[in-house]
Each structure stands twice: as structure tokens, then as C-alpha cells.
């Protein structure tokens, strides 16, 4: 069972990867780690924080759900318009990894629910993330790093 | 006029459609505060109204059914019981009852989770009021960029003033 550390701004949390139900996605993710970059807050899904990933390989649909819940660590293709203010010329979506830190959230595409690969669950530190993300909404978003624990 | 971080945009009020709301907002101006970016309604910044600027207005005009366009400016009020979860990104005074001006500055405007959450409207019980009362005449790119910056860099001071009537 692999644990990963999520560092957002001033806080840390830990997630357990779901290697049993998402073997391909978690294998891919472990190869990608550590991941580091500018954290972004969702403008369309509620309480979601994510990183845009630079991954040339297409990620297969696996262990998907449209019913995301608090603590879910998810990977999916987010419509580009939710990331940038305009559609990039040749890009329609960005691969992202993100998490849900509070209820009243659901991942949406341009016309309805968007299925996401559920790759893990935050098992420690969700309360810290749920304080840090709103603080960053007020004070500005910083960096997020996901690494093997 | 909406002034944000050295940029500005001008809006026209819909006095012919929602005269009471327009009158109330006009009388309340000028108003300023720290604008925060939406997290359910896509490209929208919000200015929460507080103290003597807080407006509790009744619904007016045609019902809005989740269709919002860039440039729309909406008066929004939510009763305390309609609050969804903790609103820790808001100042303490806005975490329950909320009165605000919502400025939709780009595409997508008003989509996302807010658009298809029927319970969120509270319209039938007057628990929530959402009145489209003005539209930006145009959306200057520098103004839109500063709105987008609010999302990434945090709160920015927004000043709303009367221009002419």
C-alpha cells in the first residue's frame, strides 16, 4: 500500500493510493512522482484544488466515478477553459491531479458531470487542507507538491 | 463603474426590467471591498456587501434559470439557512447570510456546479435572490485579466461607483 504526501502551501497531508482498483493509474502516478507546481483552485467544481500535469501519455479511464467525495485524490482531463481564460488553440483539456477538501463539490465538464479516475484517498491531514485552501483563495495560491511518503 | 487593480469596466443598469433593484443598488453606491473569486460559478468575482451597504432585496424581474453570460452583473442574496458547508474563504460575517454583487467577466460564466444544483436556487421559498440588474458594456481585457488574477493571487480591492444616470 503506497502512501503519498501532499504539501500545499503551509500544510501537509497524506493519501493512500488505491492500487487494487486503479492499478494502471497508480502505477503511472508513482512513476510521475514527485510532482510539483502551481496549485490552482477550481472555479467550477466547488472545493477542489489541483495541479496541471505535463504527461505525454494518455491516461486510461479506470476506477472512475462522477460522485467524488471529500478526501478523494483524482486524476482526469479538465476542460482547458476552466484552467485558462481562453481555449488554447490545439488543446481542449489538461490532465490534472486534484483533491476534494470539503463537501458540496462535484467535478463538472462543459455540460454535466465529469468522470474522474479515483487514484487514492486522503487519510491524514484533510482538515489542514480544508483550512489552507480557503486561506490561499484569500491570500493567493502557492505551490503544491505530491511525493512518495 | 467597476475599478479593480488599476483597470475598469463600465456597466449599464437594466432599469427598464428591474427598476427597484437598480434603484436600491444605485442608492447604495459607492461601495468598495475586497473581491473574491467564485469556486462554483466559473468566471465570476464577488463583492460582498456588509454593514450599511448590505442589501436585502426581494426577487424582481424574470426568473433566472441558470443561464448566465459574460458581462452579467447579478445582485445575489442568500439566507443563512442556505449556506453550503463552511465558507472559510469568506470573512466571518459572510459565512452564513450573504449579500453580494456578482460580476461575470468571461467564459464560461455561471456554468459549473452552480448551474445544475436546483436546491441551490432557493427561489421558490425566497431563500435566495438572484437578480440580473446590469451588464458590462464591454469587458476590457485588462479588467478581465485582473479578475482572473483574483483567482490566483487572492483578494483584490474592487470599487463600484456611480458614473451617470
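Throughout, read-outs are computed from the coordinates displayed, never taken from laboratory work. This structure is a prediction, so every number in the text was calculated from the model and none was measured. Methodologically, a virtual Cβ is constructed for each residue, glycine included, from the backbone with ideal geometry; neighbour enumeration extends over all protein chains shown.
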Legend entry - Size-normalised alpha-carbon gyration radius of segment A:52-138, reference 2.2 N^0.38 Å: 1.14
Inset, instruction - Enter the Cα centre distance for the pair segment B:32-49 and segment A:27-76, rounded to the nearest angstrom. - result: 25
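Stokes-Einstein D for the protein assembly as shown at 10 °C, 1.306 mPa s, Kirkwood Rh over Cα pairs, in µm²/s?
Values: Rh = 20.2 Å.
For the chosen part, D equals 79 µm²/s.
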Legend entry - Spacing of the two label points (7 Å from each Cα toward its C-beta) at residue A:147 and residue B:65, in nm: 5.3
Inset, instruction - Compute the distance in nm between two label points, each set 7 Å from the Cα along the Cα-to-Cβ direction, one at residue B:79 and one at residue B:56. - result: 1.1
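Could you work out [θ]222 nm for chain A from helices alone, using -39500 (n - 2.57) per DSSP H run of at least four and dividing by all its residues? Round to the nearest 500 deg cm²/dmol.
Values: 2 runs with 24 residues, N = 149.
When only DSSP H runs of four or more count, the value is -5000 deg cm²/dmol.
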Inset, instruction - Take segment A:3-148, drop everything but the C-alpha atoms, weight them equally and run the Debye formula without solvent; then report log10 I(q)/I(0) at 0.11, 0.14, 0.15 Å⁻¹ to two decimals. - result: -0.36, -0.60, -0.69
Legend entry - Approximate spin-label separation residue A:12-residue B:96, in nm, with each point projected 7 Å along Cα-to-Cβ: 3.8
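Arranged from highest to lowest average of other beta-carbon atoms within 10 Å per residue, in what order do the peptides B:56-67, A:24-35 appear?
Values: B:56-67: 13.0, A:24-35: 16.7.
Highest-to-lowest ranking by the protection proxy: A:24-35, B:56-67.
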Inset, instruction - Considering only A:74, A:66, A:97, give the residue with the highest GNM mean-square fluctuation for chain A, with springs between Cα atoms whenever their separation is below 10 Å. - result: A:66
Inset, instruction - Please report, in whole Å, how far the alpha carbons of segment B:3-67 spread along each principal axis, starting with the longest. - result: 31, 28, 24
